[in-house]
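Participant: Quick one: the structure is below, questions incoming.
The values are calculated or read from the model by the stated rules, or taken from the named source; none is laboratory data. Note that the structure is predicted; figures quoted are calculated from it, not measured. Cβ: placed from backbone, ideal geometry, glycine included. Neighbour counts: every protein chain shown.
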Amino acid sequence: MKLDRMIGMLALLLQRGSVTAPQLAERFEVSRRTIQRDVDALCRAGIPIASRQGSGGGFSLLEGYRLDGALLTGPEMQAILAGLRSLDSVSGTRRYAQLMEKLSAGSGAVLPGDGHILIDLASWYRGPLSEKIEAIHAAIEAGRRVSFRYFAPSGEDTREIEPYYLVFQWSSWYVYGWCLARRDWRLFKLNRLTDLRTGEEFEKRNAPWPDLSNARVFPEHWRVKALVEPRYRWRLIEEYGPDCCREQPDGRLLFEAGFTDRDNALAWLLSFGDGAEVIEPEEFRAEMGRIVGRLSAIYDSEQRKER
């Protein structure tokens, strides 16, 4: 990742005083041209880096420069360290924490990180998820396509994309890239993809920043109203916020929200058992009745078998 490489370069300059381009290229496993671009980016960010040619030359920080409170305060450094450590929760390593600890050493103080903030970006599938993130991250850095088998509500499919961003949103990880099959930008959930493979190199496009708004990613196709038993108030508030329901004279909660997918909406409503009654749309109300009828027939049949 370009950011952690640049911070690592700055840490080495703070610690060693002078480092050559070949040393940096070998240390970070990139080309000298990439190192020069990173140095230029650091200079544009206000870091005074000098370059000397010939024997004994290399990159160095201007004399008298130090990373101190004028740039980042102690609490700011701790906040950054907490964020970097959160990436370690899915990377399966301590490289981000070690990176920030090296940087903090350049300021003359070892910062333990904010012990009051604990962030874990992993999921129940920590092992497979970390492997996918590392593989896609490497493909993005190398400018290589990735292919995978994808499982969506509409069915299974094999996709090949040009990856550009790894995204953590809505409590899940996604990869954003140019889909060769759809000829458009797409967002794919990592927990839904398997058989991940790295492919050939591609010429990078001018990638737009992904639009992650709810209206764009989760467009409302179904407006649902339901009366929910008060014992489920905690769940409505947790999943949709305190303004999603209003208490009725009989104590039940009138819930109203939009859903993107019909089957997911029905499954969510069924998860309340007899604790929710669908009011609108009428199509959902009728379908819920049919589902309950089929379930009743299945379990009545099982009871007759047992007798």
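Participant: Is it the case that some residue within the stretch 241-256 is outside the structural domain of GLY155 (by TED's automatic domain parsing), out of contact with any Leu (no Cβ under 7 Å at 6 or more places or on another chain), at negative phi and surrounded by 15 or more Cβ atoms within 10 Å (Cβ to Cβ)?
Facilitator: So far as the stretch 241-256 goes, yes, one or more of its residues are outside the structural domain of GLY155 (by TED's automatic domain parsing), out of contact with any Leu (no Cβ under 7 Å at 6 or more places or on another chain), at negative phi and surrounded by 15 or more Cβ atoms within 10 Å (Cβ to Cβ).
Participant: Confirm whether ARG52 is modelled with pLDDT of 85 or more and of a type outside the set (S, T, N, Q). Reasoning before the result, please.
Facilitator: Details: modelled with pLDDT of 85 or more: no; of a type outside the set (S, T, N, Q): yes.
Taking the combined requirement at face value, the residue does not satisfy it.
Participant: If only one of GLU283, GLU287 is surrounded by 15 or more Cβ atoms within 10 Å (Cβ to Cβ) and over 30 Å from GLN169 (Cβ atoms), which one is it? Outline the logic, then answer.
Facilitator: Details: GLU283 fails: surrounded by 15 or more Cβ atoms within 10 Å (Cβ to Cβ).
Of GLU283, GLU287, the one residue that is surrounded by 15 or more Cβ atoms within 10 Å (Cβ to Cβ) and over 30 Å from GLN169 (Cβ atoms) is GLU287.
Participant: Of the conditions (1) surrounded by fewer than 17 Cβ atoms within 10 Å (Cβ to Cβ); (2) within 16 Å of the chain's Cα centre (by Cα); (3) modelled with pLDDT of 90 or more; (4) not in a helix (DSSP H, G or I), ASN191 satisfies every one except a single condition; which number is it?
Facilitator: In the conditions (1) surrounded by fewer than 17 Cβ atoms within 10 Å (Cβ to Cβ); (2) within 16 Å of the chain's Cα centre (by Cα); (3) modelled with pLDDT of 90 or more; (4) not in a helix (DSSP H, G or I), ASN191 misses (4) alone.
Participant: List the number of the failed condition for GLY273; all other conditions in (1) at positive phi; (2) assigned by TED's automatic domain parsing to the domain that holds GLY143; (3) not polar (S, T, N, Q) hold.
Facilitator: That leaves (2) as the condition not met.
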